[in-house]
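Here the structure is laid out as structure tokens; the discussion comes afterwards.
The values are calculated or read from the model by the stated rules, or taken from the named source; none is laboratory data. Here the structure is a predicted model, which is why all the values come from computation and not from measurement. Positions of Cβ are backbone-derived with ideal geometry, glycine not excepted, and every protein chain shown enters the neighbour counts. Side chains are part of the model used for accessible areas, which takes the heavy atoms of the whole protein and leaves out ligands, DNA and RNA. Shrake-Rupley method; radii C 1.70, N 1.55, O 1.52, S 1.80 Å.
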Amino acid sequence: MMKVNLNVIKPWIKKRLEELLGMEDDVVIEFVFNQLEDKSIDPKMMQINLTDFLGGSKARLFIGELWALLASGQSSPDGIPAELIEMKKKELQKRKCYTYLHTTYMQQHEGYSRVQFYDLKIVRQRSIFMSTMISYCMFLN
């Protein structure tokens, strides 16, 4: 695990543990971080130790996901798992989409004051466009 960039994986670990626990628990998070920084990592022992906090099935799930990321990072030239790169790309694409959606909405909302509301064709076109954009942004989730 020497090649894996742990600083990139740590935010994923923190987020995933919070999802599985249903709350933030610094003790469990630090335990996992310390285990990963150890020279001889034993996934089986790590899973057994996490079982007390997460339960058997969640501990098994977490260790399986973590080990997949670590293996991916180990085979990557920069030590960053390909899955995390893809997740970041999707997050940036989603943020860009919502920013565009917000900007477009604000521009169109500004235009409503100039358009008389009896012109339903224009209002309908704007509504269809906004619905399409919202559907697209939700698809990115």
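What residue, among those in the stretch 70-85 that are farther than 15 Å from K10 by Cβ and assigned to a loop (DSSP other than H, G, I, E, B), is most open to solvent (accessible area, probe 1.4 Å)?
Applying the filter and picking the extreme gives P77.
Quick one: count up the residues across the stretch 1-23 that are in a loop (DSSP other than H, G, I, E, B) and modelled with pLDDT under 90. Let's see the steps before the verdict.
Here is the first cut: in the stretch 1-23, the ones in a loop (DSSP other than H, G, I, E, B) are 1-5, 22-23.
Applying the additional criterion that residues be modelled with pLDDT under 90 yields 1-5.
Looking only at that region, the number is 5.
Residues that are open to solvent by less than 60 Å² (accessible area, probe 1.4 Å), touching a residue at least 60 places away in the same chain (Cβ under 8 Å) and part of a loop (DSSP other than H, G, I, E, B): does the stretch 48-59 have at least one? Lay out the reasoning, then the answer.
Filtering the stretch 48-59 for residues open to solvent by less than 60 Å² (accessible area, probe 1.4 Å) gives 49-51, 54-56, 59.
When the remaining residues are screened for being touching a residue at least 60 places away in the same chain (Cβ under 8 Å), the result is none.
Looking for residues that are open to solvent by less than 60 Å² (accessible area, probe 1.4 Å), touching a residue at least 60 places away in the same chain (Cβ under 8 Å) and part of a loop (DSSP other than H, G, I, E, B), one finds none in the stretch 48-59, hence no.
T103 fails exactly one of the following numbered conditions: (1) modelled with pLDDT of 90 or more; (2) open to solvent by less than 80 Å² (accessible area, probe 1.4 Å). What is the number of that condition?
Going through the list (1) modelled with pLDDT of 90 or more; (2) open to solvent by less than 80 Å² (accessible area, probe 1.4 Å), T103 breaks only (1).
Just to verify a result, which residue in the stretch 18-27, among those that are out of contact with any Asp or Glu (no Cβ under 7 Å at 6 or more places or on another chain) and closer than 17 Å to L61 by Cα, is least open to solvent (accessible area, probe 1.4 Å)? Spell out the reasoning first.
Going through the stretch 18-27, the residues out of contact with any Asp or Glu (no Cβ under 7 Å at 6 or more places or on another chain) turn out to be 19-23, 25-27.
If we keep only those that are closer than 17 Å to L61 by Cα too, we end up with 19-22.
Numbers: E19: 104, L20: 20, L21: 43, G22: 67 Å².
That would be L20.
State whether the residues of the stretch 34-43 include one that is loosely packed, with under 11 Cβ neighbours inside 10 Å and touching a residue at least 12 places away in the same chain (Cβ under 8 Å).
Within the stretch 34-43, one or more residues are loosely packed, with under 11 Cβ neighbours inside 10 Å and touching a residue at least 12 places away in the same chain (Cβ under 8 Å).
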